[in-house]
Amino acid sequence: MQFQSYHPVIHLVYFAAVISFGLLFNHPCFLLCAYVCAFICSIRIVGRKNVIYNFLLLLFAFAFTVFYSSYTHFGVTVLTVNIIGNRITLEALIRGAVIGIKAATLLMWFNVLHSVMTTDEIVYLFERISPKLSLYLAILLRMAPCINEERKRIRYARRSAGIRQNPVIGFLSGVSILISWSAERFSDSADSMRSRGYTLKGRTAFSIYRFDNRDRAIVVFMFSLITVLIMAMILGDTAAIYSSLIKVTAVTGRKLLFCLVFVGLSIFPCIPMISKSDS
């Protein structure tokens, strides 16, 4: 069974965990595991065409590292001096690489998130929190493709009418038309949903999602891994310092065990699963 077919709550817990840990973990072992797992999951779930996108993110991380080390000059280990006389330090170089790798990892996770979580899942999750918020979120998600289609209609209508304007004026005019159209469409959609009793108290909603025992078992499994990783943070095994002085703790057996748990959580969507109908 594919990871995409599981309950939206599982998707929410998983992506909240891997994105949060990707931001909080600073140790090189965990950074490497996070990047490799995000790379593998993006190819496995989004598709092989995502390889180019991932390598472009790696180039972005490299470019950011060069930029960061060229314009940030903290640290005591001077590597060289650039053409304008500013020193390039090892600490700034490594700090820039850490930030770049973190950014690339998060962008890959967001790409996987976009591929896994559909509009229906997002609306379903927010509906449990606030029906009104779910209403406006559903309208906004529906408005995005509609705005793009309306933009094309405006462009084709102008071209058919033979209207030629300065590019800046034409752009501002088109934006003004889209804003007016979007506000009117948003108001009409909200009024239409309210007239159907969407926000009435006690109103039930149809859902295709069913949280069964298999989903409960997976949630327990994921929370067990998350608890272990929180313990790793409390014990300081995921921390590292890269400003002024580089301070990275040694790799121990306990740290490797925590890394394996992190890999198990991060690579979870790629693990073959048994279909619910087979259980």
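Of all residues in the range 4-30, those that are under 16 Å from residue 212 (Cα atoms) have Cβ atoms under 6 Å from Cβ atoms of residues that are crowded, with 18+ Cβ neighbours inside 10 Å and hydroxyl-bearing (Ser, Thr, Tyr), 6 or more apart or on another chain, in 8/124.
Mind checking which residues of the range 98-130 are open to solvent by 60 Å² or more (accessible area, probe 1.4 Å) and modelled with pLDDT under 70? I'd like the intermediate steps shown before the answer.
Pass one, the range 98-130, residues open to solvent by 60 Å² or more (accessible area, probe 1.4 Å): 107, 110, 114, 118-120, 126, 128-129.
Of everything in the range 98-130, those that are open to solvent by 60 Å² or more (accessible area, probe 1.4 Å) and modelled with pLDDT under 70 turn out to be 128, 129.
Residues in the range 32-46 that are open to solvent by 20 Å² or more (accessible area, probe 1.4 Å) and of a type in the set (Ser, Thr, Tyr): 35 alone. Identify all residues within the range 226-270 that are open to solvent by less than 50 Å² (accessible area, probe 1.4 Å), in a helix (DSSP H, G or I) and among the β-branched types (Val, Ile, Thr); write none if there are none. Residues satisfying the conditions are 226, 228, 261, 263.
The values are calculated or read from the model by the stated rules, or taken from the named source; none is laboratory data. Note that the coordinates shown come from a computational prediction; the quantities given were computed from them, not determined experimentally. Note that each Cβ is placed from the backbone with ideal geometry, even for glycine, and that neighbours are counted across all protein chains shown. Side chains are part of the model used for accessible areas, which takes the heavy atoms of the whole protein and leaves out ligands, DNA and RNA. Shrake-Rupley method; radii C 1.70, N 1.55, O 1.52, S 1.80 Å.
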